[in-house]
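Just so it is clear, none of the values below were taken in a lab; they were calculated from the coordinates. Here the structure is a predicted model, which is why all the values come from computation and not from measurement. As a convention, Cβ positions derive from the backbone with ideal geometry for all residues, glycine included, and neighbour counts pool all protein chains shown.
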Amino acid sequence: MTKTLRKFMSLFVAFSIFAAPVVAFSADDDFIKGKTAGEADGSKAGQSMYFWLGCLLGAIGLIIPLVSDPAVPSENLVGKSQSYIQGYTEGFKTKAKDANFKQAMNGCLVGTGISVGIYVAVLVVSLMAAPK
């Protein structure tokens with residue numbers, strides 16, 4: 001090899017070694033920004049449908065938000081990098097599942113409270129109406 005080619009190759013290798021972490025860091029930075037934004041939006045995404053499922057179905061209503069995948073809003077992803085989209089989707093789904101589960105848990109507690117209240121009312125009425 002000639003000296004010029006060796007010099008070019010050594011400069012190319014040196015540049016590749018130093019430039020690769022910068023590109024990787026910026027991709028990770030986009031991922032982290034997307035994940036943070038997705039978590040912020042996902043924590044506000046609890047749907048009232050899961051409250052009613054928990055209220056009406058009890059413990060079965062608690063399983064549904066754990067096995068269902070929340071839909072990611074696409075309007076927040078327009079014009080973003082692939083790494084950002086990946087991070088946003090991951091963060092949104094994690095937090096939205098938690099928010100949906102909390103809605104179902106609240107519904108389950110309310111449904112249980114209503115059921116216990118009805119049971120106690122029926123028990124009191126039947127005891128008062130019983131012959132002495």
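Could you list GLU39, GLU75 so that the one with the fewest beta carbons within 10 Å of its beta carbon is first and the one with the most is last? Could the numbers behind the result be given before it?
Details: GLU39 19, GLU75 5.
In order of increasing Cβ crowding within 10 Å: GLU75, GLU39.
Grab the DSSP H runs of the chain that are 4 residues or longer, score each as -39,500 (n - 2.57), total them, divide by all residues and round the 222 nm result to the nearest 500 deg cm²/dmol. Kindly include the intermediate steps, with their values, before the conclusion.
Working: 4 runs with 107 residues, N = 132.
About -29000 deg cm²/dmol.
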> On average, how much area does the Cα convex hull of the chain cover when viewed from any direction, in nm²?
Replying inline: 12.2 nm²
> What's the angle, to the nearest 10 degrees (0 to 90), between helix 48-57's Cα axis and the longest principal axis of the chain?
Replying inline: 40 degrees
>> Check which residues have an amide H placed less than 5 Å from SER68's amide H, if you skip close sequence neighbours.
In response: none
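Run through region 22-121 and list the trypsin sites (Lys or Arg not before Pro) located in a DSSP loop whose Cβ has at most 10 other Cβ atoms within 10 Å. Present the calculation step by step, with values, prior to reporting the outcome.
Numbers: sites: LYS33, LYS35, LYS44, LYS80, LYS93, LYS95, LYS97, LYS102; in loops: LYS44, LYS80.
Listed in order of number, the matching sites are LYS44.
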> If you plug each phi of region 95-104 into the Karplus form 6.51 cos²θ - 1.76 cosθ + 1.60 with θ = phi - 60°, what whole-Hz ³J(HN,Hα) values come out, in order, with x for Gly and Pro?
Replying inline: 6, 5, 4, 4, 5, 5, 5, 5, 4, 5
